[in-house]
Every structure is written in C-alpha cells, then in structure tokens.
1. Residue separation times 0.36 nm, minus the C-alpha to C-alpha distance between R214 and T156: what's the value?
2. On a full-extension model of 0.36 nm per residue, what is the gain between T29 and L376, subtracting their alpha-carbon distance, rounded to one decimal in nm?
3. Leaving out ligands, DNA and RNA, what percent of the accessible area of the range 1-142 is carbon and sulfur, probe 1.4 Å?
4. So, R0 is 30 Å and r is the distance between the beta-carbons of V268 and V299; what FRET efficiency does that work out to, to 0.05?
5. Please give the FRET efficiency for L239 paired with Q40, using the beta carbon to beta carbon distance and R0 = 35 Å, rounded to the nearest 0.05.
6. How much length would be gained if the chain were fully extended between R368 and A63, taking 0.36 nm per residue of separation minus their Cα-Cα distance, in nm to one decimal?
7. Can you give me the P(r) profile for the range 3-81? Cα pairs, bins 10 angstrom wide beginning at 0, each as a whole percent.
Amino acid sequence: MTHFGLSNDAAQERLLLFGPNALPERPPTPLWQRFARQFQSPLIYILLFALVADAAIWVSEGATGLPVESIAIAVILLLNAGLGVYQESKSEAALARLKEMAAPMVWVMRGGRLVHLPSAELVPGDVARIEAGDRVPADGSLIEAEGVMIDESVLTGESAPVDKALNEEVFSGTLLMRGKGYVEISRTGEKSAMGRLAVMIGGIEAEKTPLERRLEKFGGQIARGVLALAILIAAGGLLVDGLERIGHVFLFAVALAVAAVPEGLPAVLTLTLALGVERMAKRKAVVRRLSAVEALGSVTVIATDKTGTLTENRMFVRALDSPDVEHALRAMTLANDADEKSGAGDPLDLALLEYANRRGVDLGLLKRERPRRSSLPFEVRTSSCARPWKRAALW
C-alpha cells in the first residue's frame with residue numbers, strides 16, 4: 001500500500017500551529033537565578049551574616065580604614081558563586097549539544113517518499129513508518145499493520161505485549177516488539193500520551209545529593225555553635241562589666257563569632273568540586289551540577305542503553321555460511337522488510353540487503369520477479385539483541 005503523506009509546506013504550517021513533537025521542558029534558568037542559587041547553602045548564610053555583622057561593626061567604629069574582613073568575605077562569596085555559575089553554564093551547553101546529537105529520528109512519508117526526520121518535526125496528519133525495535137514517535141492510528149505487537153508497559157505497567165490490528169490506536173513512547181506498520185499521527189508533544197505523563201511528573205522536585213545533605217547538617221552545627229559561643233561571651237561580658245558597656249560587649253561577641261566562621265570552606269569546596277568536574281569532562285562525562293560530583297563518585301553500577309548509545313545501531317554481515325549460497329542470498333533479499341532506496345528498516349535487514357548487494361544480487365530485479373504475496377510474523381519471543389524476522393512467500 002502506498003501512502004503519500006503530507007507535503008513539506010503543509011507540514012511546516014502544522015508545525016507552527018501545533019508546535020514541535022517534544023516532551024515539555026522547563027524553561028532555561030536565567031543567569032541571575034543561577035547566580036542566586038549559589039548562595040543557597042547554610043555555610044553561605046553564615047558567611048553572609050558574618051559579612052553584615054563585620055560591616056556593621058566597622059560602621060559603628062567610625063568607618064575608619066578598610067574593612068578587610070568584610071572585603072575578604074565578599075570576595076570569597078563572589079568567587080565561589082562565579083565559579084559555580086561558570087561550571088554549570090559550561091555543563092548545560094555541553095548537555096544541549098549532546099541532546100541535539102542524540103535527538104530521535106523517524107521515517108516519515110513526505111510528498112510520497114520516505115524521509116528521515118527528527119521526531120520533533122512530526123505533526124498531526126503525518127504518516128510514520130515503524131517496525132520491530134522502534135518506539136512509537138507520537139499518538140496515532142495504524143493505517144497499515146503486519147503482525148504488530150506493542151509493549152505498553154511504559155504507560156500501563158503491564159509487562160505483556162499487546163497485539164494491535166488495523167485502525168487501532170498506538171501511543172507515543174511504547175515499543176514495537178514485533179511486525180511493522182504505518183501510523184497516521186493524531187497527537188504530538190504535550191497532547192500525546194507520553195507528553196501528558198511528562199506534564200504530570202514535571203512538578204516532582206529532585207532530591208538533594210548526599211553532599212548537599214551533609215553540608216546542610218554541618219552548616220547547622222556551625223551556626224548553632226557560633227550562636228552559642230556569642231551568647232556565652234555576651235553573657236560573660238555582661239556579668240563582668242554590667243550594662244554600662246553593653247554595646248562593646250555585643251560588638252566583641254559578634255566579632256568573635258565572625259572570626260569563628262570558616263570563610264574559606266565554601267571556596268575550597270567549590271574549587272575541589274570544579275576540579276572534579278574538569279577531570280570528568282576529560283573522561284567524556286558531563287556533570288550538570290557541582291554537588292553531583294561527590295554522588296557520582298559513590299556509584300558502583302551504571303545501567304545504560306546499548307543500541308545507539310554504546311554502539312552505532314548499525315550491523316554488518318562479514319560472511320555467509322550456507323550450503324547453497326545463491327538460495328541463501330535470494331532468501332535474505334526477499335524475506336526482508338527494509339527499503340534499500342531510502343535506507344529505512346531494521347539494522348539487521350539493512351545489513352543483509354547490503355551484503356546481498358555486495359555479492360552482486362540485483363535487489364530491484366529480484367523483487368519484481370518474485371513479488372511478496374503474504375508474510376508471517378515470527379512468533380518466538382526474542383531478546384532485545386535479536387530482531388524479529390519476517391518469513392515471506394517466495395513463489
């Protein structure tokens with residue numbers, strides 16, 4: 001069956017109308033907010049209090065000379081915040097480039113021919129080609145289906161795949177376990193099943209890292225210790241000198257409390273984490289937040305997708321072991337769902353066609369001489385590494 005699909009002009013108009021087929025994302029954090037976020041730490045709060053107290057003491061004493069302590073604390077705070085913003089901005093830029101490179105692609109009928117486009121450019125009315133191993137790029141209905149079986153566990157939690165017939169609806173994010181088909185797209189982006197799910201869970205706040213929790217606890221301990229020290233000194237001063245010199249007693253207690261604050265700790269901590277980020281970057285690992293470096297150092301097992309992530313999602317046939325090479329080449333060409341012209345298809349099917357072509361098989365002529373009459377889906381469940389095969393009627 002031939003599907004014409006949308007024209008490029010119509011697709012562009014619908015893209016402007018409906019927006020890109022992408023999950024909703026939070027708007028980028030403005031620079032001033034990222035700068036202000038660097039001050040959200042108990043240790044920083046203590047330093048800010050020390051800065052204000054020291055400046056107040058300097059003013060009360062006539063503002064003579066330079067407030068060296070206040071200037072030192074201010075410089076440390078600004079350098080600490082600046083370094084944090086710089087590292088986070090650099091990491092965000094690297095992640096944005098990686099995201100562009102890893103954008104999912106989909107085969108779409110445009111103007112009567114298959115084209116390979118980013119999934120984000122899909123619009124309602126498009127006709128997308130899917131086959132075993134693909135994720136459904138957007139919500140839609142099957143207008144052509146050959147033995148389609150879909151794993152909908154990402155949406156329903158049910159582990160058993162579901163058979164889908166012609167005109168049945170399929171949902172974005174679900175995995176095609178078997179068969180192939182064409183989907184007429186009806187909903188994209190936020191309006192798709194995966195988009196609505198993303199909106200629902202978008203408000204969940206990320207937990208603090210172990211380092212952030214320990215720093216919060218440590219900052220609280222320092223604050224309580226400094227406060228208790230200042231109260232004890234003030235009480236002792238009042239007992240010795242009485243109320244006549246209460247102003248001097250208060251200033252002395254605050255000055256001693258300021259001196260007890262470890263001004264250099266946040267700067268040393270930030271610098272250490274920044275060096276960790278740089279070392280990770282040299283190993284091709286991008287760390288978005290400085291505080292995540294310590295948590296990453298505690299990781300013992302990393303689970304990652306293999307196909308297309310650690311590998312290129314391409315397969316190659318090195319050799320053919322068959323007692324009848326001619327018939328084997330014919331079988332791998334005819335029992336094949338890949339489209340050799342556009343390059344659309346399962347990596348295994350494409351690899352078989354490429355090998356047959358290298359061995360001198362005229363793919364177009366052979367398929368014209370022996371057109372497919374029917375196909376039977378392979379019923380045996382396979383692992384993610386083994387692709388479902390199609391068995392075609394050759395005569």
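1. Stretched out fully, the R214 to T156 stretch lengthens by 17.1 nm.
2. Values: separation 347, 0.36 × 347 = 124.92 nm, distance 5.23 nm.
Value of the extension gain: 119.7 nm.
3. 65 percent
4. Efficiency for this residue pair is about 0.80.
5. 0.35
6. Separation in residues times 0.36 nm, less the Cα-Cα distance, equals 100.3 nm.
7. In order of increasing distance, the bins hold 14, 25, 16, 11, 10, 11, 8, 3, 0 percent.
The values are calculated or read from the model by the stated rules, or taken from the named source; none is laboratory data. Being a predicted model, the structure only gives us computed values, none of them experimental. Reconstructed Cβ throughout: ideal geometry from the backbone, glycine too, with neighbour counts over all protein chains shown. Surface areas here come from the heavy atoms of the whole protein model, side chains and all, with no ligands, DNA or RNA. Shrake-Rupley method; radii C 1.70, N 1.55, O 1.52, S 1.80 Å.
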